[in-house]
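Peer 1: Handing you this structure, nothing more for now.
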Amino acid sequence: MRPLNFWQNVLFRCGGVLMLAALLLSVIYDGVTQWGTVVFAVGALLFGGMQFLTRYEGTDTTLRHLRRQQIAGAVFLFLAALLLVGKTFCIGPLRGDEWKLALAVAAVFEVYTAFRIPYELKRKGNC
């Protein structure tokens with residue numbers, strides 16, 4: 001895996017913190033405000049965008065599949081942000097809580113690959 005440079009890593013971590021902060025504030029204050037939506041969308045763009053910049057150039061099929069799952073998780077994060085913006089600002093046909101389903105799927109992919117990719121890299125000796 002090609003790692004992120006210092007600034008890309010900072011943006012990656014800031015995106016994760018922004019998403020988490022927006023979701024925690026929405027739980028605490030009983031609903032997502034317009035600012036919370038914007039903060040979540042920016043966080044999802046930073047977090048997912050930086051995941052697109054990491055690459056795996058090896059030939060191991062397990063790591064290639066895990067990398068595809070990680071990209072799918074990033075796409076579901078983008079979709080969750082898009083659906084949340086549509087709900088908050090009344091844009092588009094889907095104005096319910098579909099964003100929660102997309103976020104749940106993204107969380108499953110992201111958490112699974114966050115633990116499994118380093119394990120496989122260590123096991124294969126690529127780390």
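Peer 1: Mind checking whether some residue in segment 29-36 is among the acidic types (D, E) and out of contact with any helix residue (DSSP H, G or I) (no Cβ under 6 Å at 6 or more places or on another chain)? Show your work before the answer.
Peer 2: If we filter segment 29-36 for residues that are among the acidic types (D, E), which is where we start, we get 30.
Remaining after also requiring out of contact with any helix residue (DSSP H, G or I) (no Cβ under 6 Å at 6 or more places or on another chain): 30.
Yes: segment 29-36 contains one or more residues that are among the acidic types (D, E) and out of contact with any helix residue (DSSP H, G or I) (no Cβ under 6 Å at 6 or more places or on another chain).
Peer 1: Restricting segment 92-106 to residues that are modelled with pLDDT under 90 and not charged (D, E, K, R), which is surrounded by the fewest Cβ atoms within 10 Å (Cβ to Cβ)?
Peer 2: Step one: of segment 92-106, the residues modelled with pLDDT under 90 are 92-97.
Adding the requirement that they be not charged (D, E, K, R) leaves 92-94, 96.
Values: G92: 11, P93: 6, L94: 12, G96: 11.
In this case the residue turns out to be P93.
Peer 1: Of the residues T37, T113, T54, T88, which single one is out of contact with any Leu (no Cβ under 8 Å at 6 or more places or on another chain) and hydroxyl-bearing (S, T, Y)? Steps first, answer last, please.
Peer 2: Numbers: T37 fails: out of contact with any Leu (no Cβ under 8 Å at 6 or more places or on another chain); T113 fails: out of contact with any Leu (no Cβ under 8 Å at 6 or more places or on another chain); T54 fails: out of contact with any Leu (no Cβ under 8 Å at 6 or more places or on another chain).
From the options T37, T113, T54, T88, the qualifying one is T88.
Peer 1: Quick check, is T37 closer than 20 Å to T88 by Cα, of a type in the set (S, T, Y) and in contact (Cβ under 8 Å) with a residue 40 or more places away in the chain?
Peer 2: Yes: the conditions hold for T37.
Peer 1: Oh, and also: Restricting to segment 71-106, count the residues that are in a loop (DSSP other than H, G, I, E, B) and either in contact with an Asp or Glu (Cβ under 9 Å, 6 or more places away or on another chain) or of a type in the set (K, R) (or both).
Peer 2: As a first pass, look at segment 71-106 and keep what is in a loop (DSSP other than H, G, I, E, B): 89-97.
Next, only the ones that are either in contact with an Asp or Glu (Cβ under 9 Å, 6 or more places away or on another chain) or of a type in the set (K, R) (or both) stay: 95.
Result for segment 71-106: 1.
Peer 1: What's the number of the only condition in (1) under 17 Å from G16 (Cβ atoms); (2) of a type outside the set (A, V, I, L, M, F, W, C); (3) at pLDDT 95 or above; (4) out of contact with any Cys (no Cβ under 9 Å at 6 or more places or on another chain) that R116 fails to meet?
Peer 2: (1) is the only condition that R116 fails.
Peer 1: Failed condition for G15, given (1) under 15 Å from A107 (Cα atoms); (2) at pLDDT below 95, with all others met?
Peer 2: Of the numbered conditions (1) under 15 Å from A107 (Cα atoms); (2) at pLDDT below 95, the odd one out for G15 is (2).
Peer 1: In the set F109, F52, which member is surrounded by fewer than 20 Cβ atoms within 10 Å (Cβ to Cβ), out of contact with any Phe, Trp or Tyr (no Cβ under 6 Å at 6 or more places or on another chain) and in a helix (DSSP H, G or I)?
Peer 2: Working: F109 fails: surrounded by fewer than 20 Cβ atoms within 10 Å (Cβ to Cβ).
Of the residues listed, the single one that is surrounded by fewer than 20 Cβ atoms within 10 Å (Cβ to Cβ), out of contact with any Phe, Trp or Tyr (no Cβ under 6 Å at 6 or more places or on another chain) and in a helix (DSSP H, G or I) is F52.
Peer 1: Still on this structure, I have one more. Suppose we filter L121, L83, L66 for residues that are surrounded by 15 or more Cβ atoms within 10 Å (Cβ to Cβ), over 17 Å from M1 (Cβ atoms) and touching a helix residue (DSSP H, G or I) at 6+ places or on another chain (Cβ under 8 Å); which single one remains? Quick ask: steps written out before the conclusion?
Peer 2: Details: L121 fails: over 17 Å from M1 (Cβ atoms); L66 fails: over 17 Å from M1 (Cβ atoms).
Among L121, L83, L66, only L83 is surrounded by 15 or more Cβ atoms within 10 Å (Cβ to Cβ), over 17 Å from M1 (Cβ atoms) and touching a helix residue (DSSP H, G or I) at 6+ places or on another chain (Cβ under 8 Å).
Peer 1: From the list V10, V27, V38, V17, which residue is among the aliphatic types (A, V, I, L, M), closer than 15 Å to W99 by Cα and surrounded by fewer than 17 Cβ atoms within 10 Å (Cβ to Cβ)? If you could, list the steps in order and put the result at the bottom.
Peer 2: Numbers: V10 fails: closer than 15 Å to W99 by Cα; V38 fails: surrounded by fewer than 17 Cβ atoms within 10 Å (Cβ to Cβ); V17 fails: closer than 15 Å to W99 by Cα.
Going through V10, V27, V38, V17 in turn, just one is among the aliphatic types (A, V, I, L, M), closer than 15 Å to W99 by Cα and surrounded by fewer than 17 Cβ atoms within 10 Å (Cβ to Cβ): V27.
The values are calculated or read from the model by the stated rules, or taken from the named source; none is laboratory data. None of these values were measured; they are calculated from a predicted model. Don't worry about glycine lacking a Cβ; one is built from the backbone with ideal geometry, like all the others, and counts go over all protein chains shown.
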